[in-house]
Amino acid sequence: MSTQANAQNASMRFVMLLPYLWLVIFFLVPFVIVLKISLSQTALAQPPYLPLFDIATGWAGLVEFAKQLSADSFRLLSSDSIYLLSYLKSLQIAAVSTILLFIIGYPIAYGMARAPRAWQPPLVIAVVLPFWTSFLIRIYAWINILQRDGLLNDVLARLHVVDAPVAWLSSDRAIFIGIVYSYLPFMILPIYAALEKMDETLLEAAADLGCPRWKAFWLVTLPLSLPGVAAGALLCFIPIVGEFVIPDLLGGSETMMIGQTLWTEFFSNRDWPVASAIAVTLLGLLLVPILFFERLQQRSLEGGR
Amino acid sequence: MRRGTSSFNVISVVLGLAFLYLPITILVIYSFNASRLVTIWGGWSVEWYRELLHDDAILQAAWISLRVGALSASAATVLGTLAAVALTRMGRFRGRLLFSGMAYAPLVIPEVITGLSLLLLFVALGVDRGFWTIVIAHTTLTMCFVTVIVQSRLVNFDRGLEEAAMDLGCPPVKTFLTITLRLIAPAIAAGWMLAFSLSLDDLVIASFTTGPGATTLPIRIYSEVRLGVKPEINAVCTIMIAFVAVATVAASLIAKSGSARRQRAALGAQV
């Protein structure tokens, strides 16, 4: 290769490293700062935490800084049951919603994959389209329907199903409806992608060998679609644990999900160290599923390299 | 997949789509309701749209959101495309695992964590928060979506074309610009659109990274929605839905012409 091509190759490598640098500065470094502040203490100052690290003080300053770090915020998190309940509530809601999403999403994805070839691209667009409209709008649409003098109660009353209006909003029920509605495309699409790739001769072989349809589904289709199910489940479960908007607008005020607790600590109580400690713990909690998701993503996008 | 469509398949798809579209449809219809109450239909009217024209706060927030969206989507498209090319074409390099980890993680990391960490970075750097900090935050959030879309296109296309160009003495940069970039153009366009709509949509990260004078449309809508349902908000939402619908149709048309062109290019390469 000529020297010119080599030089161009080198400059290309440099350009491609730009996103790397961006991610280090705006994704990795911020996490280090969150970790640092979670070990700081609240202060009536601007910014509202201590100690502050001044690079000009050098090594001695760093030692002094390290001495002042404390695990107070984490101690608070483990001693006050509000936080523990909040974590448990988030995990419970995320787990139940993921199962609901699977039960509702799988038949839809399966139906899409079995539709005539020509119908499939428009069906995929139809499932993706609501995802392109604002998240906030979709949740807001449900407030229209679920509020006390909303459409659902109106319809139920006209059908004489209920005598008095039901309080649909401000409950876990409303949170589940909102979550299933918002995350459904994330569950459908990976499952559909796995089913669509499936080799149909496998099912023909099963049928030829006398396997009934339901058994072929159970023994062939379902196991082959499991990577899609795993991708969909992770794509839903992980963000749902930290969900803020849905429980805030649709949920009640008894037990907050952890995303709401973090938000309140930060914006209402202005307790930055505790908010950071919540973020660190939440990330620790989600680390295993996140790593699992990363592996699936790498395998699907990089061909198992 | 075998295509023997049973009635169970049809019913589940129809019900699924009805579930996805019914709430949005109701919202759109009620934005034209003359009555202020959701349960009472007062006839068709564009009153709420007219009122919207005089709501300076909403109009200003919309203008800010559109600018943030366009800027951050453009930056995210450049960075995300480069990241996708680096991940598919550079093979093994030091720090690759960290790179791919960072490239996909924002897809699933809860927004409250990303928002909080970026805010703390801006505070540590002593940057005044406002318009530009939201742009940076949204660029970071949306570039991973661009990376995934572009990368799936890069993995699936025929590398023979690139290799042929290089064998014929075309330098790598020129090969990239004339062959690779053209082949992945539809994916890049789709990536931009997605980044733009995600930025237009984001409430949580914008709330953390915003400052005085930089109220985006979702922040504005959120503060109104917390106080209850308002017909004006139905109207804003309908306009946003119409905007997205038009953009999506445009994007799918671009993608269609792109794939037709690509097939022609592939055919030309075989001949």
(request) Pairs of Cα atoms under 8 Å, at least six residues apart: use those to get the relative contact order of chain B, whole percent. (result) 29
(message) With the crude spin-label approximation of a point 7 Å out along Cα→Cβ, what separation in nm comes out for A:Ala157 versus B:Val28?
(response) 2.8
(message) Per 0.36 nm of contour for each residue apart, how much would the distance between B:Phe8 and B:Leu227 grow if the chain were fully extended, relative to their Cα-Cα spacing?
(response) 74.6 nm
(message) Under 19 Å from a point placed 7 Å out from the Cα of A:Ser268 along the Cα-to-Cβ direction: which residues of the range A:149-185 have their backbone N that close?
(response) A:170-172, A:175
(request) Run the quick spin-label model on A:Leu222 and B:Glu163: label points 7 Å from Cα toward the beta carbon, then report their separation in nm to one decimal. (result) 4.3
(request) Quick one: go through the range B:65-100 and flag any residue whose amide nitrogen is under 17 Å from the point 7 Å out along the Cα-to-Cβ line of A:Leu287. (result) B:98
(request) Add +1 for every Lys or Arg and -1 for every Asp or Glu among the other residues with Cβ under 13 Å from the Cβ of A:Pro47, and state the total. (result) +2
(request) As a check on your grasp of the helix formula, calculate [θ] at 222 nm for chain A: sum -39500 (n - 2.57) over DSSP H runs of n ≥ 4, divide by the residue count, round to the nearest 500. (result) -23000 deg cm²/dmol
(message) Check which residues have an amide H placed less than 5 Å from A:Gln41's amide H, if you skip close sequence neighbours.
(response) A:Leu50
(request) With springs connecting C-alpha atoms under 10 Å apart, model chain A as a Gaussian network and identify which of A:Gly228, A:Gly111, A:Gly178 has the largest mean-square fluctuation. (result) A:Gly111
(message) If neighbour count is taken as other Cβ atoms inside 10 Å, put B:Tyr49, B:Tyr104 in order from fewest to most.
(response) B:Tyr49, B:Tyr104
(request) Please find, in a Gaussian network model of chain A (springs between Cα atoms separated by less than 10 Å), the residue of A:Val127, A:Val274, A:Val15 whose mean-square fluctuation is greatest. (result) A:Val15
(request) Work out, step by step, the length gained on full extension between A:Ala164 and A:Asp208: first 0.36 nm times the residue separation, then minus their alpha carbon distance; give nm to one decimal. (result) 10.1 nm
(request) Mind running the shape call on the range B:59-207? Use the C-alpha gyration tensor, a ≥ b ≥ c as the square roots of the eigenvalues: rounded below 1.5 for a/c, prolate if a/b tops b/c, oblate otherwise. (result) prolate
(request) Take the alpha carbon gyration tensor of the range A:73-302, find the square roots of its eigenvalues, order them as a ≥ b ≥ c, and report rounded if a/c is under 1.5; if not, report prolate when a/b exceeds b/c, else oblate. (result) oblate
(request) Pull out a ≥ b ≥ c, the square roots of the eigenvalues of the alpha-carbon gyration tensor of chain B, then state rounded if a/c is under 1.5, prolate if not and a/b is larger than b/c, and oblate in the remaining case. (result) oblate
(message) With +1 on the Cβ of every Lys and Arg and -1 on the Cβ of every Asp and Glu, and nothing else charged, how large is the dipole of chain B about its Cα centre, in debye rounded to the nearest 20?
(response) 980
(message) For a distance above 42 Å, tell me the whole-number percent of Cα pairs in the protein assembly as shown that qualify.
(response) 26
(request) Starting at the first residue of the range A:215-221, write each ³J(HN,Hα) from the Karplus equation 6.51 cos²θ - 1.76 cosθ + 1.60 with θ = phi - 60°, in whole Hz, x for Gly and Pro. (result) 6, 4, 4, 5, 8, 10, 4
(request) Let me know the charge dipole size of chain A about its Cα centre in debye, to the nearest 20, where only the beta-carbon of Lys, Arg (+1) and Asp, Glu (-1) is charged. (result) 500
(request) Would you mind calculating the relative contact order of the range A:188-263 from Cα pairs under 8 angstrom and at least 6 residues apart, reporting the percent as a whole number? (result) 33
(request) May I ask you to evaluate 6.51 cos²θ - 1.76 cosθ + 1.60, the Karplus curve with θ = phi - 60°, for each residue of the range B:94-105 and list the ³J(HN,Hα) values in order in whole Hz, giving x for glycine and proline? (result) 5, x, 4, 4, 4, 4, 5, x, 5, 5, 9, 4
(request) Could you name the aspartates and glutamates whose alpha carbon sits less than 17 Å from that of B:Lys230, not counting residues in the same chain fewer than 8 places away? (result) A:Asp149, B:Glu47, B:Glu51, B:Asp55, B:Asp56
(request) Would you mind calculating the relative contact order of chain A from Cα pairs under 8 angstrom and at least 6 residues apart, reporting the percent as a whole number? (result) 25
(message) Please list 3J(HN,Hα) in residue order for the range A:96-109, calculated via the Karplus relation 6.51 cos²θ - 1.76 cosθ + 1.60 where θ = phi - 60°; whole Hz, with x for glycine and proline.
(response) 4, 5, 5, 5, 4, 4, 5, 4, 7, x, 4, x, 5, 4
(request) Using a Gaussian network model of chain B whose springs link C-alpha atoms within less than 10 Å, name the residue from B:Gly80, B:Gly211, B:Gly101 with the highest mean-square fluctuation. (result) B:Gly101
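The numbers here are math on the coordinates, done by the rules we state, and not lab data. Predicted model, so just to flag it, every value in this text is computed and none were measured. Because the Cβ atoms are built from the backbone with ideal geometry, glycine has one as well, and the counts that use them run over all protein chains shown.
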